[in-house]
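Please read the structure below before turning to the comments.
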Amino acid sequence: MSEFLVMPKGPGFVEFPVFEAGYEALKRATNGFERVTPDAIVSAVYETPIALIVLRCILGFTPPEWAYHATRHTGVEIAQSAARSIDRKIRMNPTGPLKRSEGVTDARIRALIEDACDILHGGAPSVPEDRLHRIDKADTAAGLVGVRSFADLVAPYSVLLYERFLGRPFAGHRDSISELVGNIVENAIEDVLTRAGISYRKTKRAERLPGFDQAPDFVIPNEINPQIVIEAKLTEDDGTARDKVTRVQHLGALSLTGRSPDDPKFEVVACIAGRGFGVRREDMKKLILATRGKVFTLQNMHQLVESTRLREYRSR
């Protein structure tokens, strides 16, 4: 099954019944979106925190976008990292009441809510014909009149909001689990190396290693004596895949600096997954040439050790 179609839920995934509970809490607190005030919504959010994410979905903003807009319009400084942290904390425990401390987080939450109330009361302002305002959506263009209209439709408004929460589709969720998804290939490599008893060095993001202008994802047996380097990538985007191919080509050229093609400094291996690598045949050709055929996917990862110089470092 393609990684494009199947994604891990991850620890912060919000099931629809939980999301809908937040929607209903917000609807009750505002008397069916008739009384949309900061005080009413703040109370609902502290009792049922997922209501804050429902409110964000009505706006159609990401956490950083909401933080930026609220900072400009309320004067309360809300860093993007702070907005993500609040959003993440709620996702991890969406129904557990929030504790009031009258601290900076409380001030930020109230500022976000005040900003949302102002936006929803005002609706979408006029903009030039060649522009589109973010609030010019079917449910919010006319302000609260539109919100109430959608909330009263036979088709549940909560379903529409839930789909918007997940994104284009599921983009919001993809963003939240991007690191988890990206680790699938790396985890598979580590599993193979560990089971074979092979010493390896897994590098960190933006880490610098001597002899490399950009550190590969894995170095075997270590960075002092690199004999095999592995680049790993899962991507559904052909542009990202092309960037990784270029990176592997660079490693291939680096391995031959001052050496003959039959005696490279180290062996270059690529482990890939995702439809991004299947879009352009020319990119796959470049990848195969740069690694001399040492390209592996999740389907043939079990051949990684025996088909490369990794077999020389096998201890079990």
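Fully extending the segment from Lys9 to Asn31, taken as 0.36 nm per residue of separation minus the present Cα-Cα distance, adds 4.6 nm.
Determine the gain in length on full extension of the stretch Thr95-Asp213; use 0.36 nm per residue of separation and subtract their C-alpha separation, reporting nm with one decimal. So the extension gain works out to 37.8 nm.
In this view, the solvent-accessible surface of Tyr200, computed with a 1.4 Å probe and all protein chains in place, comes to about 70 Å². Note on Ile288 and Glu77: their simple-model spin labels are 5.6 nm apart, each label 7 Å out from Cα toward Cβ. When each of the peptides 89-101, 55-67 is scored by how many other beta carbons lie within 10 Å of its residues on average, the order from highest to lowest is 55-67, 89-101.
If r is the Cβ-Cβ distance from Lys265 to Arg314 and R0 is 25 Å, what FRET efficiency results, to the nearest 0.05? Calculated value: 0.70. Of interest is the spacing of the C-alpha centroids, which for the stretch 24-56 and the stretch 79-130 amounts to 12 Å. With a simple spin-label model that places each label point 7 Å from the Cα along the Cα-to-Cβ direction, the separation between Glu47 and Glu129 comes to 4.9 nm.
A 1.4 Å probe run over the protein chains yields, for the chain, 53 Å² of accessible area per residue, whole-number rounding. With every protein chain left in place and a probe of 1.4 Å, what is the accessible surface of Glu102, to the nearest 10 Å²? Taking all protein chains as shown, Glu102 has close to 150 Å².
Taking a threshold of 23 Å on the Cα-Cα distance, which of the pairs Lys9/Lys137; Lys89/Lys137; Lys202/Lys294; Lys89/Lys204; Lys202/Lys233; Lys9/Lys286 fall above it? Those over the limit are Lys9/Lys137; Lys89/Lys137; Lys89/Lys204; Lys9/Lys286. Of the solvent-accessible surface of the chain, computed with a 1.4 Å probe over protein heavy atoms with every protein chain present, carbon and sulfur atoms account for 51 percent. The residues packed around Asp39, meaning those with a beta-carbon under 11 Å from its beta-carbon, carry a net charge of +1 if Lys and Arg are +1 and Asp and Glu are -1.
The values are calculated or read from the model by the stated rules, or taken from the named source; none is laboratory data. For clarity, every value in this text was computed on a predicted model and none was experimentally measured. A quick note on method: Cβ atoms are made from the backbone with ideal geometry, for glycine too, and the neighbour counts reach across all protein chains shown. Each accessible area value is taken on the protein alone, full model and side chains, heavy atoms only, with ligands, DNA and RNA left out. Shrake-Rupley method; radii C 1.70, N 1.55, O 1.52, S 1.80 Å.
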